[in-house]
Amino acid sequence: MTKAEHYPPNDEAAQRIVQSVRLARQPIVDADLNTIGYELLYRAADADQVARIGNSNQATASTVLNALSEIGLDSLVGGKQAFINVPGKMLFSDVLEGIVAPSVVLEILETVECDERTAEAIKRLKKAGYRVALDDFPPESIDKPCAAECHYVKFDVLEVGLDRIIAALPAARKAGLKVIAEKVEEWDVYDRLRDAGVDYFQGHFVSRPEMVVRPTVRASKANLMGLLILLQDDDASLGEIVERINTDLALSYRLLRLVNSAAIGLRREVDSVEEAVRLLGLNAVRSLVYLSALTGVDGKPPALIHNTMIRARFAELLAAQSRMANPPTAFLVGLFSNLDAFYNQPLAQLIDELPLTDDIASALLEGQGSLGELLEYVRFYEKGQWLEADGETAVSSLNEVAPNCYLDAVRWDEALRESLGGP
């Protein structure tokens, strides 16, 4: 077959489902001004330079999800620590335990009472692999039960003043806490706190928060809700869960990004969503879905989503009928063949960020191998271009089964839309 040219569509449908992921990051430095980490700050989906937080759980979910599975901790903090605020509701749930990132420091908000219940929750998170900080903490409360379970305590310079912070340093040392002075605005304030023995500093004297932006695709609200229900069913099979994830491009992409995240530490090549689910485990998948649901989603995906789903299913059915490739792998190739259209980024850049096997990557980028041949056939068929075959070849076997496979793929997508309440 002649390799087909493929130009990603630049239409209104693609634009309607693409939004921008936004985070701000502000460095935390030691006494010698070496950066030891960054606080990751929630920013709304618009271009506001301030955080307009109406729901603290949504803000945390968005920050965690964007840091781990959209932008990536590698890009955000390199090998340093990422400090993320956590409200009480999320602290006392188990959602964060499913996606454990050892480089993440969870900052317990000042609205959470520092009692035995909080101490037990912190112990659980530490056991899972997190580090923990107390944010905007009153200096006189160092002796509270939860303080001894943490690694860091953050004091707000503008709120509590220099004298109270300095007076609290001996008690913090006794509790085994490293002290971070935040909202340090002036160099003379830094000098005084450094000389008094404060460990780390954060504030405008070093850097204002820096915005990081990346395009993303919104997930289907109905699909997320259905998947959450399914994940609560102890009798649900792995196949049912994988099928649900396969029907959502955004979830599939996030899942594979998560597998390849340095924060998670798997760094494995995979050839299907099913393998990614097996590697991460259902707890991580459940957490990913829950965080996605909290961040806000688009419940009515446009035609581009459905066209991509039909392509993926068509490729899967063709692979099964012709035995040219593994069907789940063919589905993944079909699903990700339109990534550039959704994310408005070069396909090669997107593929490089995913833990895909070499045969999948070469199929998507170069049309190589049986998967590439299959994808090329699918693209020609979508355009109504029938490929002529000489003798018993792969094309002839595909031509025999393609009409029925395509109709089955269209019916599958229609049934999916109906079950999810979509247009």
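The values are calculated or read from the model by the stated rules, or taken from the named source; none is laboratory data. Here the structure is a predicted model, which is why all the values come from computation and not from measurement. Note: ideal-geometry Cβ built from the backbone for every residue, glycine included; neighbour counts use all protein chains shown. Surface accessibility is based on the protein's heavy atoms, side chains included, excluding ligands, DNA and RNA. Shrake-Rupley method; radii C 1.70, N 1.55, O 1.52, S 1.80 Å.
Just a few scattered comments:
- Pick from the stretch 401-410, criterion out of contact with any helix residue (DSSP H, G or I) (no Cβ under 8 Å at 6 or more places or on another chain) and not aliphatic (A, V, I, L, M), ranking: most open to solvent (accessible area, probe 1.4 Å): N404
- Matching entry among Y7, Y38 (being part of a loop (DSSP other than H, G, I, E, B), aromatic (F, W, Y) and either surrounded by fewer than 16 Cβ atoms within 10 Å (Cβ to Cβ) or modelled with pLDDT of 80 or more (or both)): Y7
- Verdict on T111 being surrounded by fewer than 16 Cβ atoms within 10 Å (Cβ to Cβ) and over 17 Å from N283 (Cα atoms): yes
- Search result, residues across the stretch 264-299 that are assigned to a loop (DSSP other than H, G, I, E, B), over 17 Å from A236 (Cα atoms) and modelled with pLDDT of 80 or more: D271, S272
- Any hit, the stretch 19-31, residues being surrounded by 17 or more Cβ atoms within 10 Å (Cβ to Cβ), at pLDDT below 80 and not charged (D, E, K, R): yes
- Residue match in the stretch 58-70 (condition: in contact with a strand residue (DSSP E or B) (Cβ under 7 Å, 6 or more places away or on another chain), at pLDDT below 90 and closer than 30 Å to D191 by Cα): no
- The set of residues in the stretch 318-369 that are assigned to a helix (DSSP H, G or I), within 25 Å of S397 (Cβ to Cβ) and of a type in the set (V, I, T) comprises T329, V333, I360.
- Number of the exception - R173 against (1) open to solvent by 10 Å² or more (accessible area, probe 1.4 Å); (2) more than 19 Å from I84 (Cβ to Cβ); (3) modelled with pLDDT of 95 or more: (3)
- Of all residues in the stretch 342-360 being over 19 Å from the mean Cα position of the chain (by Cα) and in contact (Cβ under 8 Å) with a residue 60 or more places away in the chain, the one that is surrounded by the fewest Cβ atoms within 10 Å (Cβ to Cβ): D358
- Scanning the stretch 70-82 for residues that are open to solvent by less than 60 Å² (accessible area, probe 1.4 Å) and either out of contact with any Lys or Arg (no Cβ under 6 Å at 6 or more places or on another chain) or in a helix (DSSP H, G or I) (or both) yields a count of 8.
- Top-ranked residue in the stretch 115-139 [being under 19 Å from Y200 (Cβ atoms) and charged (D, E, K, R); ranked as most open to solvent (accessible area, probe 1.4 Å)]: R131
- Note on the stretch 331-367: residues that are modelled with pLDDT of 90 or more and farther than 19 Å from V270 by Cβ total 2.
- Some residue of the stretch 116-126 being in contact with a strand residue (DSSP E or B) (Cβ under 9 Å, 6 or more places away or on another chain) and more than 23 Å from Q81 (Cα to Cα): no
- Any pair with Cβ under 7 angstrom, 6 or more apart, that starts in the stretch 78-90 at a residue that is within 14 Å of L40 (Cα to Cα) and ends at one that is part of a loop (DSSP other than H, G, I, E, B): Q81/S103; A82/S103; N85/L109; N85/D135; V86/L109
- Residues that are open to solvent by less than 70 Å² (accessible area, probe 1.4 Å) and at pLDDT 75 or above were ranked within the stretch 383-400; the one that is farthest from F331 (Cα to Cα) is G384.
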